[in-house]
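A short write-up of the structure that comes next.
The values are calculated or read from the model by the stated rules, or taken from the named source; none is laboratory data. Note that the structure is a prediction, hence the values are computed from the model and not measured. Cβ atoms come from the backbone with ideal geometry, glycine included; neighbour counts cover every protein chain shown.
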Amino acid sequence: MKSITKDAISLLQHMIRIPSLSKQESEVADKMEGLFHSKNWNPQRIQNNIWVTSKHWKDDKPTCLLNSHIDTVKPADSYTYDPYGGVIEAGKLIGLGSNDAGASVVSLIAAFNELREKDLPFNIVLLISAEEEISGQNGVELALKQIPDIDFGIIGEPTNKSLCIAEKGLMVLDGKAFGKSGHAARSNGINAIDKAIADIQLIQTFNFDRTSALLGKTKATVTQIDAGTQHNVIPDQCHYVVDVRTNELYKNQEVVDILNGLIEGELIPRSIRLNSSKMDLNHPVAIAAQSLGMSTIGSPTLSDQALMQFPTVKMGPGDSKRSHTADEFIYLEEINDGIQAYIDLLNNIRID
């Protein structure tokens, strides 16, 4: 196995052994900053986001962002291994954040290390960021205000090295249905639960007719419901939560307006900022990937792509199905292949 792969695996073991839940990434960020200083990369930092730039920087070149995140979700209760152990067993590195997205982090660092001094037709900013798992405002969203202007980006997430050129957006809607309180033994009330059921049926059966070739249909799913104060009182309000996954053919605000037009109650979005994204197949990154025989896919899951206003793709070692699972792992060979895939892709991007 190549020395750069061995170094990447060792770094990932160290990362796994440092708890780094969202908003608690400072110790891992310190390690990243120290590593980049040791390589004389002149790292910059804002909160728990660290970035470095390629050596041959020229203002007249476009700039490519390489980005992945150091935060993790909480470990599942059903772990049989120590989630912070970083154990290597049967060709796998096991631990929280190994697949999502530690393997992408260390692979991007290794690729940047190989290409930092090469005079590519674009500048590179390597950004290791925080708060991705909660779409926090002190992660990529904060860092993008500080780093140089970006023209396109490659976001490190587990995609089995396929090039994810589109991903669904996300909204969480708080729904309310209104009735009139009364005694459960009488018929003088209007049950808000009945109102909510009618609205929920309209939401969940509505056909969003713009279907994406990569992402399929926009989907709205009611995932929580709450009503009532006690058994003998007809509730005058019923609250529910709707998880909405939008394709690139709808803006989030448009979906809010459509759904509110269907129902008697109301839906209030917690945020509309996490829209769907898609890169055109004629973009230099997509062209480079196709020339290398990489498959192009769409993703139903959200990443920090949603916070970026420039063309992006999602790509990295590992399998998204392992993310957030007990005994999360990455194959060592996947890290080796991931590093090479990033290097090959970056070396093959042609800028007109």
Self-check item: Single residue of 90, 111, 166 found to be of a type in the set (Gly, Ala, Ser) and surrounded by fewer than 18 Cβ atoms within 10 Å (Cβ to Cβ)
Solution: 90
Quiz prompt | Test result for residue 254, outside the structural domain of residue 103 (by TED's automatic domain parsing), closer than 19 Å to residue 221 by Cβ and either touching a strand residue (DSSP E or B) at 6+ places or on another chain (Cβ under 9 Å) or modelled with pLDDT under 95 (or both) | solution = yes
Self-check item: For residue 324: the one exception among (1) under 18 Å from the mean Cα position of the chain (by Cα); (2) under 30 Å from residue 13 (Cα atoms); (3) crowded, with 20+ Cβ neighbours inside 10 Å; (4) not aliphatic (A, V, I, L, M)
Solution: (3)
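Scan region 245-270 for residues that are part of a strand (DSSP E or B) and over 11 Å from residue 203 (Cα atoms) and jot them down.
Within region 245-270, the first condition is being part of a strand (DSSP E or B), and the residues that meet it are 245-246, 266-269.
245, 246, 266, 268, 269, listed by residue number.
Any idea how many residues of region 169-195 are under 30 Å from residue 297 (Cα atoms) and buried (at least 23 other Cβ atoms within 10 Å of the Cβ)?
Of the residues in region 169-195, the ones under 30 Å from residue 297 (Cα atoms) are 169-173.
Filter once more, so that each one left must be buried (at least 23 other Cβ atoms within 10 Å of the Cβ): 169, 171, 173.
Within region 169-195, residues that are under 30 Å from residue 297 (Cα atoms) and buried (at least 23 other Cβ atoms within 10 Å of the Cβ) number 3.
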Quiz item: Only one of 323, 291 is in the same structural domain as residue 151 (by TED's automatic domain parsing) and under 28 Å from residue 221 (Cα atoms); which?
Solution: 323
Self-check item: Test set (1) closer than 23 Å to residue 140 by Cβ; (2) of a type outside the set (Ser, Thr, Tyr); (3) assigned to a helix (DSSP H, G or I) - residue 333 fails condition number
Solution: (1)
Quiz item: Does residue 229 qualify as being of a type in the set (S, T, N, Q), surrounded by 15 or more Cβ atoms within 10 Å (Cβ to Cβ), more than 28 Å from residue 142 (Cα to Cα) and not assigned by TED's automatic domain parsing to the domain that holds residue 72?
Solution: no
Self-check item: Single match in 242, 285 (criterion: crowded, with 16+ Cβ neighbours inside 10 Å and either in a strand (DSSP E or B) or not assigned by TED's automatic domain parsing to the domain that holds residue 337 (or both))
Solution: 242
Quiz prompt | Total residues in region 152-207, condition in contact (Cβ under 8 Å) with a residue 40 or more places away in the chain, closer than 18 Å to residue 233 by Cα, outside any strand (DSSP E or B) and not β-branched (Val, Ile, Thr) | solution = 9
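The rows are residues; the columns are (1) farther than 21 Å from residue 120 by Cα; (2) among the charged types (D, E, K, R); (3) modelled with pLDDT under 95; (4) surrounded by 17 or more Cβ atoms within 10 Å (Cβ to Cβ).
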| residue | (1), (2), (3), (4) |
| --- | --- |
| 298 | yes, no, yes, yes |
| 302 | yes, no, yes, yes |
| 315 | no, no, no, yes |
| 332 | yes, no, no, yes |
| 341 | no, no, no, yes |
Quiz item: What are the residue pairs meeting all of these: first residue in region 49-72, first residue over 18 Å from residue 146 (Cα atoms), second residue in a loop (DSSP other than H, G, I, E, B) and among the charged types (D, E, K, R), Cβ atoms under 7 Å, and 6 or more apart or on different chains?
Solution: 55/116; 55/117; 56/119; 70/25; 71/25; 71/131
Quiz item: How many of the residues in region 8-31 are touching a residue at least 12 places away in the same chain (Cβ under 8 Å) and under 19 Å from residue 99 (Cβ atoms)?
Solution: 16
Quiz item: Of the residues 31, 2, which single one is surrounded by fewer than 14 Cβ atoms within 10 Å (Cβ to Cβ) and touching a helix residue (DSSP H, G or I) at 6+ places or on another chain (Cβ under 9 Å)?
Solution: 2
Exercise. Could you tell me whether region 71-93 includes any residue that is closer than 17 Å to residue 32 by Cα and either small (Gly, Ala, Ser) or in the same structural domain as residue 13 (by TED's automatic domain parsing) (or both)?
Key: yes
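Working only within region 217-249, note down all residues that are touching a residue at least 60 places away in the same chain (Cβ under 8 Å) and farther than 30 Å from residue 182 by Cβ. Before the answer, list the steps.
The first filter runs over region 217-249 and keeps only residues touching a residue at least 60 places away in the same chain (Cβ under 8 Å), leaving 237-248.
Listed by number, the residues that qualify are 243, 244, 245, 246, 247, 248.
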